[in-house]
Amino acid sequence: MHLNIRSRAALAMVCAGLAFSGLARAASNSVEDSGLYLGASLGGANGKSKVYERGREPSFGFALGYRLSPQQSVEVFARTLNFALLEGLFAPQDYAYPEDHIGVAWLGTLPLSEKLGLYGRLGVGSTRMLFAKSQGSRRDTEGSGGLGLSYAFTPRVVTKLEYLRLFKSEVDMLSAGFEYRF
């Protein structure tokens, strides 16, 4: 069976997430064990769509999650994927481009120290695709995966640096953000 680069990357992220989960069960962390959290992030999105030909687009993200343990969380998240105004309105052909994504994800964290953690995320969600010329839209279901670093300044305030990939729409995001744990 021949796997292309995207398939290999997706498979590597799935394996990394599973490995983090298994390794994290044996480790402990002094940050709050479980509970609700809110997160926000700012970064950039880039991909194969025509909308990204001019470069990386700003991306904002929000998350509402629940820490099941210091090593596992589930969250509902949303990310903007571009801020193009009147994108492609005068283009000779209509094309679809990703506008935003809403999803649910599982996160597995491997503590590297008392405050520093490496995490993997696997999720599924809905990406809104806009049509440049007709200004219509559709929703596509797709998987997502990513890797990140987290640093707990306090048991409640955590900063994050994260790479996230949306598989079907081929969008890559790099973001920095924070998490507040209740």
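Among the residues of segment 99-126, those that are surrounded by fewer than 21 Cβ atoms within 10 Å (Cβ to Cβ), touching a Phe, Trp or Tyr at 6+ places or on another chain (Cβ under 8 Å), over 19 Å from Gly47 (Cα atoms) and free of Cβ contacts under 8 Å to residues at least 40 places away in the same chain comprise Val104, Leu116.
Within segment 127-168, the set of residues being closer than 17 Å to Val104 by Cβ and either free of Cβ contacts under 8 Å to residues at least 24 places away in the same chain or of a type in the set (Ser, Thr, Tyr) (or both) comprises Thr127, Arg139, Thr141, Ser144. I'm checking my understanding of the structure. Among residues of segment 139-160 that are of a type in the set (Lys, Arg) and not in a loop (DSSP other than H, G, I, E, B), which one is surrounded by the most Cβ atoms within 10 Å (Cβ to Cβ)? Looking at the filtered set, the residue picked out is Lys160.
Does segment 161-181 hold any residues that are out of contact with any Pro (no Cβ under 8 Å at 6 or more places or on another chain), part of a loop (DSSP other than H, G, I, E, B) and surrounded by 16 or more Cβ atoms within 10 Å (Cβ to Cβ), and which are they? Once the filter is applied, which keeps residues that are out of contact with any Pro (no Cβ under 8 Å at 6 or more places or on another chain), part of a loop (DSSP other than H, G, I, E, B) and surrounded by 16 or more Cβ atoms within 10 Å (Cβ to Cβ), segment 161-181 yields only Phe167.
Only the coordinates and a few stated rules stand behind these numbers; no lab work does. Just so it is clear, the structure is predicted and the values come from calculations on it, not from any experiment. Quick reminder, even Gly has a Cβ in these numbers, built from the backbone with ideal geometry, and neighbours come from all protein chains shown.
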